[in-house]
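The values are calculated or read from the model by the stated rules, or taken from the named source; none is laboratory data. Just so we're clear, the structure is a prediction, and the values are computed from it rather than from any experiment. Glycine gets a Cβ as well: all are built from the backbone with ideal geometry, and neighbour counts include every protein chain shown.
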Amino acid sequence: MDGVESPSVIFDNGIYKMWYSGYNSENGSEIGYATSNNGIDWTWVPGDTYDGSVLGFDDVTNFDYYALLDPHVIKDAPSTKCIIPGRRINLPNRLCRVQ
């Protein structure tokens with residue numbers, strides 16, 4: 001990853017949980033995840049995609065082909081929901097997923 005941006009953080013059961021847009025110049029943006037006990041020092045939690053993101057974009061037939069951006073996470077007891085805009089090249093951003 002070349003960088004991260006647009007974090008969304010919740011405090012849940014004594015742990016800070018952060019979802020963020022992770023990007024690189026070759027593959028666009030995907031969603032990463034990290035946790036912290038103090039909100040300062042973060043530990044990356046690798047996902048099961050090819051590059052370790054927790055949510056990657058889909059193939060060219062889907063609307064999030066180019067990027068997943070700006071996660072918005074809410075705690076809706078007992079679950080956690082994440083609303084994520086997706087983007088295709090030359091098309092406007094659209095809300096795409098609730099996980």
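Suppose we filter region 49-87 for residues that are over 18 Å from Asn24 (Cβ atoms), of a type outside the set (A, V, I, L, M) and modelled with pLDDT of 60 or more; how many remain? The number of residues fulfilling the criteria is 9.
Screening Ile40 on (1) at pLDDT 75 or above; (2) crowded, with 19+ Cβ neighbours inside 10 Å; (3) in a loop (DSSP other than H, G, I, E, B) shows it passes everything except condition (2). Only residues that are in contact (Cβ under 8 Å) with a residue 40 or more places away in the chain and either over 19 Å from Ile74 (Cβ atoms) or touching a helix residue (DSSP H, G or I) at 6+ places or on another chain (Cβ under 8 Å) (or both) were counted across region 29-51, and they come to 2.
Please verify whether Pro46 is part of a loop (DSSP other than H, G, I, E, B) and modelled with pLDDT of 80 or more, treating the condition exactly as stated. Judged against the criteria, Pro46 is a match. When region 1-37 is limited to residues that are in a strand (DSSP E or B) and of a type in the set (S, T, N, Q), the one that is surrounded by the most Cβ atoms within 10 Å (Cβ to Cβ) turns out to be Ser29.
So, Tyr33, is that one under 14 Å from the mean Cα position of the chain (by Cα), modelled with pLDDT of 90 or more and either aromatic (Phe, Trp, Tyr) or over 20 Å from Pro85 (Cα atoms) (or both) or not?
So Tyr33 passes the test.
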